[in-house]
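Novice: I'd like to ask some things about the structure below.
The values are calculated or read from the model by the stated rules, or taken from the named source; none is laboratory data. Since we're looking at a predicted model, the values are computed, not measured. Cβ coordinates were reconstructed from backbone atoms using ideal geometry, including for glycine residues, and neighbour counts include every protein chain displayed.
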Amino acid sequence: MDGIPQDKQIGLVNRLTQACGGSYTSEVRRRYFITGPQWAASYQGQAVFHAPVRSPITFETVIEEYSKIGLGYWCTHDTDVIPTNDLFTPRQEEIVSRIKATLAKHDMKCSMITSETFHHPVWAAGPAAESPDIREYTKRRLTNAVAIGHELGAQFCVYWPGMLGYAIQGAIDETQTLRWFADSLNAACDADIEIARKKGRPTLKHCLEAKPFEPQAEILLPTSDSMLAFISSALVKHPEMVGLNPEYLHELMWGAAPRASLARALLSGKLFHFDINDGYRLKHDVDIAIGLVNPLDWLNVLVLLRTHHYNGPFNLDYKPPRTTSNHGVFSVSVPTMVDRFITLWEMAGDVISDPIIKEATDSLKAGGAGADPGDVDSLVRANKELLSLHELIGHRLFQILIGAHRGRTYNL
């Protein structure tokens, strides 16, 4: 095959993408509470060992392209769109006004705002550093993000305390650091209550996002479970306002089962927001697109969420690969990821209504007849054959994933 000229490559990518089929219209995509982050589309491929591979793009471009694809919601870190030195200045107000106008122009809404507390050198010792001046700045940043969220009509505020930890043992007092972090969160909630009262709006939902490692060597709140304990402690002044934003890959990274972590959040009434992506256990935060690594696990996650009527956002917390061009981000990365999510979500509905899975799970719950709860051997005999249904359920889930339940077969 001859080399593909540069002026033909975009056409080839578009043609093969279209040839894949299975895409949804923008109208269908807008039916789902899928949110597109500024940082996902504007990610240039840079990292500790990576030079940028894509050119910068503005929030105007990101919002316009998301709208064309069919996303109804956009979200951002404060400094994704407002340079750090422009925060708290008239320049901030000007940029926020431009964002509002751009969202309105493209029939989109801001779903969530989050404050960057990990990238700038001011966070070298974290958002709950020993310096009282830095901690005061943290409070200003968080309360300012809340104010921006209200101005843009957001419903959620997310906090990723990735620098809340240490690289050197003994350098910090962990209990004091957690108290200081709670002080900043409390300040954000207090500001939220006051701003919401003045604007006649509901308060925001404040969501903590856990990550087991990176960028600090040791993280003080590494898992969703540790954050649930933190929220329920006496440190948090408004625990009813604070919940979780689990990220699929963050739960997977430390070897856990995302579905089990989500179940615990659901039982606690704290699953407010959900970042969706994919990746590998015990690896770093690669943020691969949903369904490209663990499609069967993703199907099971969505069965859980549909079963328990989760109605919060699904946020595309994803890094387009360094091999993807600027054009590819919006022609391949985002739309195919959205379409895989929708397909898996609808497949989850098939699982819930599937008569074979229903009969198998109902039979397991009924248990075997003739068992004597006082006789352990009787219990084993009565249920022994029923337990084979566990593997049958797994097989049926796979059939639904590949469409075999609708008659799809391979002729060999």
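Novice: Out of the residues in segment 184-202 that are small (Gly, Ala, Ser) and in a helix (DSSP H, G or I), state the one that is farthest from Ala154 (Cα to Cα).
Specialist: Checking each candidate, the answer is Ser184.
Novice: In addition: Return the total of residues in segment 1-19 being without any contact (Cβ under 8 Å) to a residue 60 or more places away in the chain and either within 20 Å of the chain's Cα centre (by Cα) or part of a helix (DSSP H, G or I) (or both).
Specialist: 10
Novice: Can you find, within segment 388-404, the residue that is surrounded by the fewest Cβ atoms within 10 Å (Cβ to Cβ) among those that are in contact (Cβ under 8 Å) with a residue 12 or more places away in the chain and either within 15 Å of Leu344 (Cβ to Cβ) or in contact with a Cys (Cβ under 6 Å, 6 or more places away or on another chain) (or both)?
Specialist: Filtering first and then ranking leaves Phe398.
Novice: Please verify whether Gly165 is within 25 Å of Ser67 (Cβ to Cβ), in contact with a strand residue (DSSP E or B) (Cβ under 6 Å, 6 or more places away or on another chain) and crowded, with 20+ Cβ neighbours inside 10 Å, treating the condition exactly as stated.
Specialist: The answer is no for Gly165.
Novice: Look at segment 88-106 and say how many of its residues are part of a loop (DSSP other than H, G, I, E, B) and either crowded, with 19+ Cβ neighbours inside 10 Å or at positive phi (or both).
Specialist: 1
Novice: Got a sec? Which of Leu185, Leu228, Leu220, Leu235 is within 25 Å of the chain's Cα centre (by Cα), closer than 23 Å to Asn144 by Cβ and in the same structural domain as Gly269 (by TED's automatic domain parsing)?
Specialist: Leu185
Novice: Moving to a separate point now. Does Leu267 satisfy being in contact with a strand residue (DSSP E or B) (Cβ under 6 Å, 6 or more places away or on another chain) and either surrounded by fewer than 23 Cβ atoms within 10 Å (Cβ to Cβ) or at pLDDT below 95 (or both)?
Specialist: no
Novice: Let me ask another. For Val28, are the conditions met, namely being touching a residue at least 40 places away in the same chain (Cβ under 8 Å), over 26 Å from the mean Cα position of the chain (by Cα) and either surrounded by fewer than 18 Cβ atoms within 10 Å (Cβ to Cβ) or not in a loop (DSSP other than H, G, I, E, B) (or both)?
Specialist: No, not satisfied.
Novice: Let me ask something additional. Being of a type in the set (D, E, K, R) and free of Cβ contacts under 8 Å to residues at least 60 places away in the same chain is the filter here; which residues of segment 320-352 pass it?
Specialist: The answer is Arg340, Glu346, Asp350.
Novice: So how many residues does segment 157-183 have that are outside any loop (DSSP other than H, G, I, E, B) and out of contact with any Pro (no Cβ under 7 Å at 6 or more places or on another chain)?
Specialist: 14
Novice: For segment 107-123, how many residues meet the condition of being assigned to a helix (DSSP H, G or I), surrounded by fewer than 20 Cβ atoms within 10 Å (Cβ to Cβ) and of a type in the set (A, V, I, L, M, F, W, C)?
Specialist: 1
Novice: Here is a follow-up. Against the definition (farther than 28 Å from Asp173 by Cα, in the same structural domain as Trp39 (by TED's automatic domain parsing) and over 13 Å from the mean Cα position of the chain (by Cα)), how does Leu305 come out, yes or no?
Specialist: It is true that Leu305 is farther than 28 Å from Asp173 by Cα, in the same structural domain as Trp39 (by TED's automatic domain parsing) and over 13 Å from the mean Cα position of the chain (by Cα).
Novice: Every residue in segment 68-86 that is farther than 20 Å from Phe156 by Cα and either assigned to a loop (DSSP other than H, G, I, E, B) or under 24 Å from the mean Cα position of the chain (by Cα) (or both), please.
Specialist: Of everything in segment 68-86, those that are farther than 20 Å from Phe156 by Cα and either assigned to a loop (DSSP other than H, G, I, E, B) or under 24 Å from the mean Cα position of the chain (by Cα) (or both) turn out to be Lys68, Ile69, Gly70, Pro83.
Novice: Same structure, new question: Residues that are touching an Asp or Glu at 6+ places or on another chain (Cβ under 6 Å): list the helices (runs of 4 or more DSSP H) wholly contained in segment 311-387 that include at least 2 such residues.
Specialist: none
Novice: Here is a follow-up. Residues being out of contact with any helix residue (DSSP H, G or I) (no Cβ under 7 Å at 6 or more places or on another chain) and more than 19 Å from Phe274 (Cα to Cα): count how many of those fall in segment 154-164.
Specialist: Looking only at that region, the number is 0.
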